[in-house]
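Please treat every number below as a calculation from the coordinates, not as lab data. Since the model is a prediction, treat every value here as computed from it, not as a measurement. Here Cβ is always computed from backbone atoms with ideal geometry, including for glycine, and neighbour counts include all displayed protein chains.
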Amino acid sequence: PGRKREIPDRAAGAQADQIGEKPAGQAAGHADQDGHDQAARVFPRIPFPWEVFPPEIAASLQQLALATATSPQPLPGAAFAMVASVLGRSVTVSPKASWEAPMILWHADIRESGEGKTAAPRLMAAPLHEAQKKEAERYRREMEEYKSLTAEERRQEKPPVLPRGYFVSDLTLEGLREDVENSPHGGIVVIQDEISAFLTGQNQYKSRGGTDRESWLALWDGHPARVRRVGRELFIMGGRVSIFGGIQPSIFRTSFTGADGLYLSDGTLFRFLLTYEPPAYYDLTSESWDDLHREAWEAVLHRAMAWVEQLISHQGGNLETPLRLILDADAQTRFFSWRNSLHSFRGTLPAPLRGFLPKAYEYALRLTGVIHCLRRFSKGKNPKPLLNAEDLDRGIKAVTFYLGQVQGALRLIENEHFVPVEVSERSRLVARTLEALRPHLDNGRLAIGFIHEHYSRMAPGTQKIRTAKAMGAMLREMGLTIAPGKHDANGKRAACCLEWNAKTDNFIKESLQSLQCLVSQEGKEVQAPDVEEPISAMSTALEECEYHADLGDSMSTPATGPGKGPQHLSDLMEVEI
């Protein structure tokens with residue numbers, strides 16, 4: 001309530017958004033607007049690049065969104081966080097000897113209440129729920145056996161190992177320390193329906209002279225955290241804590257502004273991969289997340305868990321030596337070129353957006369690692385220690401999508417009334433359909449049923465709209481104008497119609513511009529600057545492969561026994577050089 005969608009009327013010279021709230025009587029500066037315009041050119045809002053996933057995983061997540069009548073665009077963020085938590089300390093990505101990117105991802109889905117932020121990610125987390133259930137049952141069973149022993153027998157036996165955590169929904173640093181200590185690889189994911197609980201929870205000790213915020217920032221970096229409580233100390237080492245959840249736009253804005261908010265300058269916001277979408281209509285149909293699609297996703301998590309357990313077993317029950325995914329020479333050159341190119345014009349961007357760039361460089365590496373592992377597990381294979389330029393480009397594509405989403409979130413912080421225009425696969429399809437039907441305008445209108453018929457011919461299965469009524473609801477949610485009353489148009493009598501106006505023209509322009517930006521980025525060549533000799537990374541990779549192969553000479557997996565499973569760590573890593 002009280003929030004309105006802002007569709008820019010560029011033809012009339014109107015500003016795209018009311019950005020940068022100023023004191024009464026002070027006009028917004030042209031420099032601020034120029035900065036936002038530059039940001040929009042460099043990081044355009046684009047649909048999520050589904051091609052970074054294997055086709056079966058992209059289809060699975062899109063089908064899940066269809067089944068739960070919600071947007072598919074936040075689901076990759078949840079997928080990345082879950083895979084990262086399963087990997088824990090088992091994998092790092094290294095662009096050079098002094099840089100280790102841990103598998104830690106924080107994702108926030110900014111949408112209004114009732115937009116379907118919860119159901120789909122909860123279904124995706126089912127393998128983690130099942131693993132947690134089995135661990136709790138294991139502990140209960142072993143504890144019952146332990147308690148049945150005599151006092152003398154208990155003195156000679158170690159008590160059962162506490163349950164390992166796979167996920168948590170209500171997290172404190174006290175609970176986190178326990179979970180990290182009981183985990184052989186430190187990986188865990190925080191799943192919250194409302195991520196505002198995580199943000200406000202960082203201030204719970206403020207009345208006693210401090211907060212937990214610095215500790216959480218250190219944990220995102222993969223560093224240890226030490227916290228002093230009254231009469232005790234918390235020390236957390238080796239944690240790999242990923243987070244995902246939803247948050248309402250008004251609460252998001254409050255959390256990062258105002259005297260009691262988490263200020264933008266402290267760096268908390270910069271560590272989140274954000275998606276921010278407007279209210280949108282999604283038809284609820286009989287479609288389900290069927291076994292074929294569900295199993296494609298769940299197989300990734302199950303294979304990741306099995307691979308990590310083998311690594312843990314080979315290292316004596318506690319994972320201390322990760323698989324370092326090294327950029328090969330081409331990928332290293334590409335990464336430095338991309339980073340330096342972006343960093344060279346950071347001064348032309350709005351100040352808040354500049355804070356996201358260093359984290360974006362780091363996230364490009366983390367996403368490259370997570371996506372590489374996900375793709376390998378999807379094929380039933382294990383990660384390779386060398387990442388090529390194609391692997392890196394997938395990470396860069398993903399982080400570019402999130403940088404485009406950041407701009408809407410920053411505008412929301414500056415202007416509480418800002419709501420972005422939908423930019424998605426279906427919005428592009430709608431724009432292409434409307435542009436194709438422009439010659440068929442009938443007294444400035446198009447019959448909704450006529451639009452629906454032509455849209456249906458273009459749309460793939462996951463983007464289908466079942467009825468003309470649903471099409472009308474979707475067009476209305478996209479901010480387009482539905483003419484009052486019924487009209488004869490396009491051979492249909494007494495039909496609901498789209499009224500063509502400046503909003504329609506601007507919607508088409510914005511949507512097709514996002515398509516053009518995506519195509520341009522895919523074909524863009526980046527001039528590589530002078531960088532340090534990349535062959536050093538290749539040498540390091542070769543040495544590490546030999547090191548891991550030596551480690552595996554006398555190892556066997558307890559679950560499979562000698563001669564029945566992988567005999568070397570290099571088998572687990574599928575070294576291909």
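Exposure proxy ranking for E477, E144, based on other Cβ atoms within 10 angstrom of each Cβ and starting from the fewest, stands as E144, E477. Taking the Cα centre of segment 425-522 as the origin and placing charges on Cβ (Lys, Arg +1; Asp, Glu -1), which of L429, N506, A473 is farthest toward the positive end of the dipole? My answer, from the dipole projection, is A473. Summarising the amide proton neighbourhood of L105: residues at separation of 5 or more, or on other chains, whose placed amide H is nearer than 5 Å comprise S242, I243. Relative to the current alpha-carbon distance between M143 and S288, full extension at 0.36 nm per residue lengthens the span by 48.2 nm. Relative to the compact-globule estimate of 2.2 N^0.38 Å, the Cα radius of gyration of segment 425-522 comes out at 1.05. For a Förster distance of 22 Å, can you work out the FRET efficiency between the beta-carbons of R493 and T467, rounded to the nearest 0.05? For R493 and T467, the calculated efficiency is 0.75.
For segment 113-119, the Karplus equation 6.51 cos²θ - 1.76 cosθ + 1.60, evaluated at θ = phi - 60°, returns couplings of 4, x, 8, x, 7, 9, 4 Hz by residue, with Gly and Pro reported as x.
Applying D = kT/(6 pi eta Rh) to segment 327-436, where Rh is the Kirkwood radius over alpha-carbon pairs, T corresponds to 25 °C and eta to 0.890 mPa s, the Stokes-Einstein value obtained is 151 µm²/s. Against the compact-protein benchmark of 2.2 N^0.38 Å, the Cα-based radius of gyration of segment 94-206 scales to 1.42.
Sequence-ordered 3J(HN,Hα) estimates for segment 402-418 from the Karplus curve with 6.51, -1.76 and 1.60 and θ = phi - 60° stand at 5, 5, x, 5, 4, 4, x, 5, 5, 5, 4, 4, 7, 9, 5, 8, 6 Hz, glycine and proline given as x. Taken one residue at a time, the phi angles of segment 279-285 give Karplus couplings (6.51, -1.76, 1.60, θ = phi - 60°) of x, 9, 8, 10, 5, 8, 10 Hz. Gly and Pro are set to x.
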